Amino acid sequence: MKITVVGTGYVGLVTGTCLAETGNHVCCVDIDERKVNKLRNGQITIYEPGLEKLFERNLKEERLSFTTDLKEGLEDSEIVFLALPTPPGEDGSADLKYVLGVADHIGKLLKDYKIIIDKSTVPVGTAEKVHAAIAKNYNGEFDVVSNPEFLREGVAVEDFMKPDRIVIGTTSERAKVLLTELYGPYVRQGNPIIFMDERSAELTKYAANAFLATKISFMNEIAQMCERLGADVDMVRKGIGSDERIGKRFLFPGIGYGGSCFPKDVKALVYSAKEVAYDFAILDAVTEVNERQKIHLVSKIRRYFNNDLAGKKFAVWGLAFKPNTDDIREAPSLEIISALLESGASVCAFDPEAVNNVKQIFGDRINFAETQYDCIENADALIVATEWNEFRTPDFDKILSLLKDPVIFDGRNVFDVQVMEKKGFHYESIGRSSVNQPKFV
Ligand code: UDX
């Protein structure tokens, strides 16, 4: 099939590349000329494990192409994906100017039947708005479908190639037939394509992300209770997770969820609720708990240092909002670092992928190390802010020899409490007991 993907961000580039991988011809359109030139020349613009190889192969085999010209991009294609940003406004509402702007432009260019697919996370009712924007200038047959993505950064290629499910919001039989064919190769293992109306599909995406965010905030509150009651959140997590109704996954407490989706989507759903005069109370709490949790680790640090962080040096392992990505959008590490700097401390950070992005925010206000060990030299404490695999089994003796004092604040529970105790670290994590308390605490 010939497919157009408008927008070459995380979602657009993964979608375009993975659709080309199964033999489709995909033309990706973006208004950013520099980005398009890079992509045309084989330079990938995002870090996503496994993507580069597929990108290079499909570019070489000419199944994947890039243009800034929407007209050229639409030529001969029957399926058009919109993978455009929907940035949050001050009030949490999703800004549809990019989506509707492109829809308007498509309406002016259409000459024959096409399916226009909303891949972006958009408020309920957007498919109707996109339809209206196209119909202003085109009165032939076309369909607008809601087909939300459920890609996790870091495993997006795997998620695209073997999705748990594909949700397609349309009542058009023609669109259903074409999309069943398009997605056939991706659901060979038997995972379902779930057809529904456009509004339900749009809400499904928000409901999925809001539910997952709720799970995390709930566990972060349980972790707070564990710290106060002397229970161990790892045990509680295992204890509840083996109940199939709860499930084992997504129950890990930490320093709060970040990323481009959860914070934005939770707020957008609250905003949508307000628009229909509904108070989505649980989600306000989910956001509030998350904000609190982001600075919880800083409170622990302040308490340990008797509220005096001036002149202290902190080593931060991990900057990305989660492992296996260079994405730092809404990353809890940023808030932690800002709070430390405001208190007069200095920071040296290490991250395997996200350093360049963080440099753009903090410039030379913080230092960056080439290796995780360089980072901790002479630091007053080590802070773990992202659970990259390489942090899980470090050389603890080396850490002991490099740190000024043996102090670790672990925001992701990557280390074993008993090992830390034996090694002699003062160790604080989330929802588990602290070990080797200093005398003055
Ligand atoms: C999420 C959804 O999972 C995906 O389906 C959707 O399409 C986009 O949003 P992503 O933002 O890539 O994907 O990250 P995800 O792996 O879901 O993690 C989100 C945040 O939750 C991260 O900050 C992560 O550290 C945090 N998290 C996750 C926890 O704190 N605890 C957990 O148990 C799981």
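Quick look at the numbers
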read-out: Gyration tensor over alpha-carbon atoms, segment 298-364, equivalent ellipsoid semi-axes in Å; value: 22, 12, 9
read-out: P(r), alpha carbons of segment 198-260 - 5 Å bins starting at zero, rounded %; value: 4, 17, 23, 22, 15, 10, 6, 3, 1, 0
read-out: For 141, 21, order by how many other beta-carbon atoms lie within 10 Å, fewest first; value: 141, 21
read-out: For segment 382-424, diffusion coefficient by Stokes-Einstein and Kirkwood Rh (Cα), 20 °C, 1.002 mPa s, µm²/s; value: 199
read-out: Extended-chain gain in nm, criterion 0.36 nm per residue less alpha-carbon gap, residue 62 and residue 244; value: 60.9 nm
read-out: Gyration tensor (Cα) of segment 106-187, equivalent ellipsoid semi-axes in angstrom; value: 25, 15, 11
read-out: Placed amide H near residue 166: partners under 5 Å, 5+ positions off or other chain; value: 193, 194
read-out: Global geometry of segment 197-441, whether rounded, prolate or oblate, following the gyration tensor of its Cα atoms and the 1.5 cut on a/c; value: prolate
read-out: Rounded Å value of the spacing that divides the Cα centres of segment 306-337 and segment 34-75; value: 33
read-out: Mean separation of Cα contacts under 8 Å, 6 or more apart, over the residue count of the chain: relative contact order %; value: 11
read-out: Coarse-grained scattering of segment 1-105 at q = 0.14, 0.19, 0.23 Å⁻¹, given as base-10 log I(q)/I(0) from a Debye sum over alpha-carbon atoms; value: -0.51, -0.90, -1.23
read-out: Using distinct alpha-carbon pairs, which all enter the 1/r mean, Kirkwood radius of segment 268-379 in Å; value: 15.6
read-out: Under Karplus coefficients 6.51, -1.76 and 1.60, residue-wise ³J(HN,Hα) of segment 380-396 in Hz, glycine/proline x; value: 6, 6, 9, 10, 9, 10, 9, 8, 4, 4, 5, 8, 6, 10, x, 7, 5
read-out: Rg and Dmax of segment 85-137, Cα atoms only, in Å; value: 11.6, 39
read-out: Intensity falloff of segment 2-196 expressed as log10 I(q)/I(0), Debye formula with alpha-carbon point scatterers, at q = 0.13, 0.16, 0.18 Å⁻¹; value: -0.65, -1.03, -1.33
read-out: Efficiency of FRET from Cβ geometry, residue 437 and residue 281, R₀ 35 Å, rounded to 0.05; value: 0.35
read-out: From phi via Karplus (6.51, -1.76, 1.60), per-residue ³J(HN,Hα) for segment 201-217 in Hz, x at Gly/Pro; value: 5, 4, 6, 4, 4, 5, 5, 5, 5, 5, 5, 5, 5, 5, 4, 5, 4
read-out: Rounded tilt (10° steps) of 51-60 against the dominant C-alpha axis of the chain; value: 30
read-out: Chymotrypsin sites (Phe, Trp or Tyr not before Pro) within segment 359-441: DSSP coil, no more than 16 neighbouring Cβ in 10 Å; value: 440
read-out: Hz values of 3J(HN,Hα) by residue in segment 100-116 - Karplus curve (6.51, -1.76, 1.60), Gly and Pro given as x; value: 6, x, 5, 4, 4, 4, 4, x, 6, 9, 4, 10, 9, 4, 9, 9, 9
read-out: Spatial separation of Cα centroids for segment 184-241 and segment 128-170, in angstrom; value: 22
read-out: Bins of 10 Å from zero: percent of alpha-carbon pairs in segment 49-159; value: 13, 38, 34, 15, 1
read-out: Full-extension gain in nm, residue 71 to residue 306, via 0.36 nm per residue minus C-alpha separation; value: 78.3 nm
read-out: Sites residue 359 and residue 194 - FRET efficiency at Förster radius 60 Å, r taken between beta-carbons, to 0.05; value: 0.90
read-out: Förster radius 35 Å - calculated FRET efficiency between residue 45 and residue 141, Cβ distance, rounded to 0.05; value: 0.50
read-out: DSSP beta bridge pairing in the chain, given as percent antiparallel to the nearest 5; value: 5
read-out: Over 24 Å (Cα to Cα) - which of 108/274; 267/322; 267/359; 215/238; 274/322; 129/264 fall in this group; value: 108/274; 267/359; 274/322
read-out: Loop sites in segment 181-252: GluC sites (Glu not before Pro), DSSP, at most 13 other Cβ within 10 Å; value: 244
read-out: Orientation-averaged projected area, Cα convex hull of the chain (nm²); value: 22.5
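Read the figures in this text as sums done on the coordinates, not as results from a lab. What you see is a predicted model, and the numbers here were worked out from it, not measured in a lab. Here the Cβ is made from the backbone with ideal geometry for all residues, glycine too, and neighbour counts use every protein chain on show.
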